[in-house]
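Here the structure comes first, spelled out in structure tokens, and everything after it is commentary.
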Amino acid sequence: MTMRSEYGEYLGRREDILLAQREWEATPLRVRLGVIARLRKTMALGARELAETVPTNSPGGLHRTVADTLGSEIVPMLAACRFVEREAQRILKTKRLGLRGRPVWMTGVHSEVERAALGVVLVVGAGNYPLLLAGVQTIQALVAGNAVLWKPAPGTAAAANALRELLVESGLNPDLLTLLETDVESVSEAIAAGVDHVVLTGSAQTGKAVLRQLAETLTPATMELSGCDAVFVLPGAELEHMVRAIGFGLRFNGSFTCMAPRRVFLVGLSEGEAAEVETRLAAAARELAPVPLPAKTEELLRGLIADARGQGAEIVLDSVLDSFGDGEVSRRAGATLIYRATPAMRAMQADIFAPVLSLMRTRDVGEALAANGACAYALTAAIFGPEAEARQLACRLRVGNVLINDIVIPTVDPRIAFGGRGRSGFGVTRGAEGLLAMTAPRTIQVQRGRIPFPYEATGDGHVELFAGLARMLYAGKLRSRWSGFLRLMRAGRSLRR
């Protein structure tokens, strides 16, 4: 199989990469963190230049400004660098297990758990946040001692290359970060050549295709996949704040965000309250500027609208507007707003990068949870309402992240792990848990005693010995434990004869 990458040929350079990874893992963590500290400082000074490497428009539907990139990607990535600089030593520190909790029958054994690098990590980047998502995953993988193969999304190779150059300037061995071509084939080729872990951010369909290949070699993976995220509006919610937040979620990054709100459940609201929410959301949706849609997304959106209308929904806003050019991106779309949605509608189950919002009234929390559960995606959820009631609902949601009285923004906190459940994937990236996920636990146990009996062959006489030991150590009542001690003593004397 021939590698076509203009940035690096993994198959041809695999031995060099593996050697560099072993040397990097043996490098003290403080030295590895020094590279990240230098990266942060350099990146902060050239923040605008780095942001300008991310396209403001792309055939995939990305639609943003340089300011958007600075705020949504560069600044959060700088925060992620500082997080690992401050916390990685504590998170990755070897854990030495003391005497507390050690079984008495393991006297003399001293145990510790260290975090070992995985080896070569393949990071498959996404087009909607090409620097933040793959960038933080790459930084955490490097800090943990791994080498990284980075497959940028189409149209984002320049941004990936710019970050790589900054890392190399900061002291990173170039063999530790290889950029692959942006096409799908480069992922298959890298996996076939051999990797130790895959971190993929993309659609559920892409995730399934990659997992099928990984199954052949039992290669582990972290899958950060699609979303069709829900918003729950409870009685007592601050309506103005809620409407502004949902409007932001629909607008942000041209709605090219997996966490963007797609389903809104009005939970236990009166007729008047529900009508007011619907009216306010419609007014906010009308204010959204149209965004470009790829042809495939336009086709999907038209299908969702037709399906909802056919099932009795009210289409308040039908967003697909006039053509503005030739090629793959040929339409603009404002917001689509669907009233009287039901869980069976495709719009309530689809992952789509377009500003579409479906609203459903529910009698109570139970009905809202049942309706939400009909959707296979479980990435994030937002709840607007009094905190006490919102927390109770949050504990019943099967999602990766719950935001109360906010939407999208808090998830960029570098301390927070991010990942979904169900069709939205598994595993986490970012935060302490994401850093740990770039390692494997390796347990080292040392026997400092010289107790011979564990190595002796067992016979019938040992039945009473172990039965007495079990009762003495783990029975509930003192009387039972005392009888176990006596049983153990008798068995011991018998075995010594």
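For the condition surrounded by 17 or more Cβ atoms within 10 Å (Cβ to Cβ) and part of a strand (DSSP E or B), Ala371 does not qualify. In summary, Arg361 fulfils each of the numbered conditions (1) in contact with an Asp or Glu (Cβ under 6 Å, 6 or more places away or on another chain); (2) under 15 Å from Val264 (Cβ atoms); (3) open to solvent by 50 Å² or more (accessible area, probe 1.4 Å) with the single exception of condition (1). Would you confirm, using the coordinates I've provided, whether Ala126 is within 18 Å of Gly427 (Cα to Cα) and modelled with pLDDT under 95? For Ala126, the condition - within 18 Å of Gly427 (Cα to Cα) and modelled with pLDDT under 95 - is met.
Could you please find all residues in segment 456-484 being closer than 14 Å to Trp105 by Cβ and either outside any helix (DSSP H, G or I) or aromatic (Phe, Trp, Tyr) (or both)? Hits for segment 456-484 are Glu456, Thr458, Phe466, Tyr474. Within segment 144-156, one or more residues are under 26 Å from Cys81 (Cα atoms), open to solvent by 20 Å² or more (accessible area, probe 1.4 Å) and modelled with pLDDT under 95. Of the strands (runs of 3 or more DSSP E) entirely within segment 146-229, those holding at least 2 residues that are under 30 Å from Gly373 (Cβ atoms) occupy 197-201, 221-224.
For every residue, the table says whether it meets (1) at pLDDT 95 or above; (2) open to solvent by 10 Å² or more (accessible area, probe 1.4 Å); (3) more than 23 Å from Asn401 (Cα to Cα).
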position	(1), (2), (3)
Glu189	no, yes, yes
Ala193	no, yes, yes
Val199	yes, no, no
Leu211	yes, yes, yes
Ala215	yes, yes, yes
Pro220	yes, yes, no
Cys228	yes, no, no
Leu239	yes, yes, no
Arg244	yes, yes, no
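Inspection of segment 112-134 identifies no residue that is touching a Gly at 6+ places or on another chain (Cβ under 6 Å), assigned to a strand (DSSP E or B) and farther than 27 Å from Leu29 by Cβ. Residue selection: Ala388 fails the criterion of being farther than 25 Å from Met242 by Cα, of a type in the set (A, V, I, L, M, F, W, C) and either open to solvent by 20 Å² or more (accessible area, probe 1.4 Å) or assigned to a helix (DSSP H, G or I) (or both). The residue list Leu176, Leu133 contains one member that is among the hydrophobic types (A, V, I, L, M, F, W, C), open to solvent by 10 Å² or more (accessible area, probe 1.4 Å) and either without any contact (Cβ under 8 Å) to a residue 24 or more places away in the chain or out of contact with any Cys (no Cβ under 8 Å at 6 or more places or on another chain) (or both), which is Leu133.
Matching residues to (1) at pLDDT below 95; (2) open to solvent by 10 Å² or more (accessible area, probe 1.4 Å); (3) within 27 Å of Gly427 (Cα to Cα):
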| residue | (1), (2), (3) |
| --- | --- |
| Leu225 | no, yes, yes |
| Val231 | no, no, yes |
| Pro261 | no, no, yes |
| Val264 | no, no, yes |
| Gly268 | no, yes, no |
| Glu271 | no, yes, no |
| Glu276 | no, yes, no |
| Pro290 | yes, yes, no |
| Lys296 | yes, yes, no |
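A residue that is surrounded by fewer than 24 Cβ atoms within 10 Å (Cβ to Cβ), assigned to a helix (DSSP H, G or I), of a type in the set (Val, Ile, Thr) and within 24 Å of the chain's Cα centre (by Cα) occurs nowhere in segment 96-111.
Considering segment 33-85, the residues that are free of Cβ contacts under 8 Å to residues at least 60 places away in the same chain and of a type in the set (Lys, Arg) include one that is surrounded by the most Cβ atoms within 10 Å (Cβ to Cβ), namely Arg40.
From the list Gly12, Gly61, Gly8, the one residue that fits, being closer than 25 Å to Thr182 by Cα, modelled with pLDDT under 95 and in contact with a helix residue (DSSP H, G or I) (Cβ under 8 Å, 6 or more places away or on another chain), is Gly61.
The values are calculated or read from the model by the stated rules, or taken from the named source; none is laboratory data. All values derive from a computational prediction rather than experimental measurement. Heads up, the Cβs are rebuilt from the backbone with ideal geometry, glycines too, and the neighbour counts pull from every protein chain shown. Ligands, DNA and RNA are stripped out before the accessible areas are found, and what is left, the full protein with its side chains, is counted by its heavy atoms. Shrake-Rupley method; radii C 1.70, N 1.55, O 1.52, S 1.80 Å.
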